[in-house]
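The values are calculated or read from the model by the stated rules, or taken from the named source; none is laboratory data. None of the values given here were measured: they were computed from a predicted structure. The protein model used for the area step is the full one, side chains on, heavy atoms only, and it has no ligands, DNA or RNA in it. Shrake-Rupley method; radii C 1.70, N 1.55, O 1.52, S 1.80 Å.
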Amino acid sequence: MLIDTIYQSIKNWKTLSDSYKNGNEKSGKEIMRYLNQGSHFSVEGKNIAEWKKNLENESEKTIHAYLGIDEDQLKFFLIDAKSDADADFSTVIIKQFNRSSPENPLMPSSELISNPPITSEAAVYRNFRFNMYGSAWLETQKSEPFRLISIPFDDYERMNLTDDESCTCFFGLTNETLKDSSIADYHIEIITVKNIGIDTISLTAENYSTPRPPFSANDPVDNYQLLLKSDAYV
């Protein structure tokens, strides 16, 4: 995909989000239609190995997953933080949300990751939250709709994939600080699991991703050059 097409896809998501932010309720329904177009996307081990090389000497080891709309399809544009900050867009990996079963599902592993972020049960429940309450949650985010999700590289590196293996990524809703609070306090996340099948799922899952905006002083918008370039695209 040409970089101009990527710019336009990301800008299409911004245009839809801005319309919803400005009070167009139909745009909110369109956003949910795109977010529910599929159930997951996969990331290959060879992609993770390339990210590892790019981030080897970096203190900020994250993967930026931009959302875009291309030919009425939700697309994810993944790029490592260094390449993004350097505006090196030759490394952008394009994924499409889909509902087809994960390809070549791996056999379930009994090996536990040291200090796992969340259990498989928590991963399933957070995905359930998104599927059941996504529309209600989106209404609370109208003032500042998210445009990308920042994912710690560790979420992928801990999968320990070979180049030929892949992991499965899907949406969840989480609130890491408060209990029994308003749905407005939840945020969208990308959960990653190594093994998934019709009746099995990995014992652990990774889930430390964060939506952007809002941006912070430690993670300013200048780090997201693909966002800035797409905003300026005419």
Fill in the blank from the handout: Row for region 37-94, column shape: gyration tensor on C-alpha, a ≥ b ≥ c, rounded if a/c < 1.5 i.e. under 1.5, prolate if a/b over b/c, else oblate; value prolate
Completion exercise
For E139 the rounded accessible area (nearest 10 Å², probe 1.4 Å, non-protein molecules ignored) is 120
Practice task
Would you list which lysines come within 20 Å of K53, measuring only between C-alpha atoms, while excluding same-chain residues fewer than 8 positions from it?
Solution key: K61, K82
Handout entry: Solvent-accessible surface ranking, highest first, for E176, E56 at 1.4 angstrom
Key = E56, E176
Exercise for the section: Quick one: order R129, R147 from most to least accessible surface, probe 1.4 Å. Expected result: R129, R147
Practice task
Quick one: grab the alpha carbon gyration tensor of region 1-107, order the square roots of its eigenvalues as a ≥ b ≥ c, and give me rounded if a/c is under 1.5, else prolate or oblate depending on whether a/b is larger than b/c.
Solution key: oblate
Problem - With eigenvalues of the C-alpha gyration tensor scaled by 5 and rooted, region 150-193, Å - result: 28, 10, 7
